[in-house]
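Heads up: the structure comes next, in structure tokens.
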Amino acid sequence: MQTFTTKAFSDLPDADEMRSNGPGVEVMILQNESKTIELEALNDEVESALEELELTIDSDTIPDEVMTSLIEHLNSARVLDVPV
């Protein structure tokens with residue numbers, strides 16, 4: 001499985017630190033239906049990208065085409081930790 005991570009997600013503290021410091025930002029971990037791609041990002045980043053792409057999702061498992069569009073959009077916006 002290939003994992004894509006946004007810069008903002010990478011900058012988050014680890015789970016133990018987040019528990020001790022209280023609730024932080026909300027994150028999303030999405031996976032495509034064929035289980036070949038996973039995306040780790042902040043909720044705001046995903047929601048903003050989906051709005052711009054005029055797409056909606058209703059679960060953390062999304063169609064392959066939607067994942068591809070989302071990754072391409074985040075890459076072109078230069079928010080991925082490692083550009084594609």
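Points to keep in mind about this one:
- Subset of segment 54-84 (residues that are assigned to a loop (DSSP other than H, G, I, E, B) and either under 12 Å from the mean Cα position of the chain (by Cα) or in contact (Cβ under 8 Å) with a residue 24 or more places away in the chain (or both)): Ile57, Asp60, Pro63, Ala77, Val79, Asp81, Val82, Val84
- Whichever residue in segment 1-32 is part of a loop (DSSP other than H, G, I, E, B), open to solvent by 100 Å² or more (accessible area, probe 1.4 Å) and farther than 22 Å from Thr61 by Cβ and, among such residues, is modelled with the lowest pLDDT: Pro23
- Pairs where the first residue, in segment 26-53, is on the phi > 0 side of the Ramachandran plot and the second is part of a loop (DSSP other than H, G, I, E, B), C-beta under 8 Å, 6+ apart: Lys35/Met1
- Lone unmet requirement of (1) within 14 Å of Phe4 (Cβ to Cβ); (2) of a type in the set (A, V, I, L, M); (3) open to solvent by 50 Å² or more (accessible area, probe 1.4 Å) for Leu55: (1)
- So Glu47, is it farther than 22 Å from Val82 by Cα, open to solvent by 50 Å² or more (accessible area, probe 1.4 Å) and modelled with pLDDT of 95 or more: no
The values are calculated or read from the model by the stated rules, or taken from the named source; none is laboratory data. None of these values were measured; they are calculated from a predicted model. Don't worry about glycine lacking a Cβ; one is built from the backbone with ideal geometry, like all the others, and counts go over all protein chains shown. To get the accessible areas, we keep the full protein, side chains included, count just its heavy atoms, and leave off ligands, DNA and RNA. Shrake-Rupley method; radii C 1.70, N 1.55, O 1.52, S 1.80 Å.
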